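Novice: Before I ask anything, here is the structure I am working with.
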Amino acid sequence: MTLLEILALLALGGIAGFINVLSAGGSMLTLPLLMFLGLPPQVANGTNRVAITLQSITAVGSFHRMGHGNLMVSLRLAVPAVLGSLLGAWVATWVPDAVFEVVLVSAMIGASVFMLLPQPNLDTRPLTVDRLSPAIYLAMFFVGMYGGFIQVGVGVLFIVVLYHMLKIDLRQVNVLKVSIVLPFTFAALVVFAINDQVRWAVGLTLALGNVTGASSPPM
């Protein structure tokens, strides 16, 4: 890597880490950057998971130090998300580059449009284990499957599912999101690593920026 490439990875990684913890959409910056730097689409997709995993560890730790989090709910919802992620990542390892690029562009457009739309004001309430229905577990499986395939826009899906289905406020959505993203992204990373689709030096450099941006989540 050149000095310019390292600086670009650190800078955009920092911005992406901050965006991901605040809301969603950081991978809309980092995944195209990795491809611009010459990584094949599947390798860029796998390498991006290094940064997301380490960023999520930082964010989860920060949230829990501030007294936020719901461990039992997070663990229950993480199980179907991890199973879906393993399936999605496996598919991503062999899908043709042209198909992946179409999905990437479509995901970026869809996520951008959604984030520009005003969200309805819902009557939100605290989240407890007894409020988890079979529908939410099924939704988490499909969110995990999408996130395992391509990270771009997965935060938007969490907003759709957690905010609209569970009617929890956006602060709870963000805390729960990072707690579920961590295990299912790590699961996807393992799949990509086994298939030699991770460039660790690039991923760890990007992760340094992501972790810096995620280190102080705003609440």
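The values are calculated or read from the model by the stated rules, or taken from the named source; none is laboratory data. The model shown is predicted, which means the values in this text are computed figures rather than measured ones. Backbone-built Cβ (ideal geometry, glycine too); neighbour counts: all protein chains shown.
Novice: Count, please, the residues in the stretch 163-193 that happen to be under 13 Å from R49 (Cα atoms) and hydrophobic (A, V, I, L, M, F, W, C).
Specialist: 11
Novice: Sticking with this structure for a sec: Considering only the stretch 116-130, state which residues are of a type in the set (S, T, Y) and either within 27 Å of S85 (Cα to Cα) or at pLDDT 90 or above (or both).
Specialist: Answer for the stretch 116-130, where residues must be of a type in the set (S, T, Y) and either within 27 Å of S85 (Cα to Cα) or at pLDDT 90 or above (or both): just T128.
Novice: For the stretch 15-56, what are the residues that are small (G, A, S) and surrounded by fewer than 20 Cβ atoms within 10 Å (Cβ to Cβ)? Write out each step before concluding.
Specialist: Within the stretch 15-56, the subset small (G, A, S) is 16-17, 23-27, 38, 44, 46, 51, 56.
Those that are small (G, A, S) and surrounded by fewer than 20 Cβ atoms within 10 Å (Cβ to Cβ): S23, G38.
Novice: Only one of these is modelled with pLDDT under 85 and either on the phi < 0 side of the Ramachandran plot or small (G, A, S) (or both): L77, L87, L71, L83. Name it.
Specialist: None of the others qualify; the one that does is L71.
Novice: Among the numbered conditions (1) closer than 21 Å to L162 by Cα; (2) in contact with a Gly (Cβ under 8 Å, 6 or more places away or on another chain); (3) among the β-branched types (V, I, T), tell me where V73 comes up short.
Specialist: (2)
Novice: In the stretch 4-48, how many are among the aromatic types (F, W, Y) and at pLDDT 90 or above?
Specialist: We begin by selecting, within the stretch 4-48, every residue among the aromatic types (F, W, Y); these are 18, 36.
Keeping just the survivors that are at pLDDT 90 or above gives 36.
So the count comes out to 1.
Novice: Checking A59 against (1) farther than 22 Å from F186 by Cβ; (2) surrounded by 17 or more Cβ atoms within 10 Å (Cβ to Cβ), which single condition isn't satisfied?
Specialist: All conditions are met except number (1).
Novice: Would you pick out the residues in the stretch 62-118 that are buried (at least 17 other Cβ atoms within 10 Å of the Cβ) and either of a type in the set (S, T, Y) or without any contact (Cβ under 8 Å) to a residue 40 or more places away in the chain (or both)?
Specialist: S62, S74, S85, T93 - these are the residues of the stretch 62-118 that are buried (at least 17 other Cβ atoms within 10 Å of the Cβ) and either of a type in the set (S, T, Y) or without any contact (Cβ under 8 Å) to a residue 40 or more places away in the chain (or both).
Novice: Looking at the stretch 126-143 only, could you name the residues that are buried (at least 16 other Cβ atoms within 10 Å of the Cβ) and outside any helix (DSSP H, G or I)?
Specialist: Hits for the stretch 126-143 are L127, L132.
Novice: Can you give me the number of residues within the stretch 1-14 that are without any contact (Cβ under 8 Å) to a residue 40 or more places away in the chain and buried (at least 18 other Cβ atoms within 10 Å of the Cβ)?
Specialist: Final tally of qualifying residues: 1.
Novice: Kindly check whether there is at least one residue in the stretch 131-140 that is at pLDDT 85 or above and over 18 Å from K167 (Cβ atoms).
Specialist: No, the stretch 131-140 contains no residue that is at pLDDT 85 or above and over 18 Å from K167 (Cβ atoms).
Novice: With the checklist (1) on the phi > 0 side of the Ramachandran plot; (2) touching a residue at least 12 places away in the same chain (Cβ under 8 Å); (3) not β-branched (V, I, T) in hand, flag the one item G38 doesn't pass.
Specialist: Among (1) on the phi > 0 side of the Ramachandran plot; (2) touching a residue at least 12 places away in the same chain (Cβ under 8 Å); (3) not β-branched (V, I, T), G38 violates only (2).
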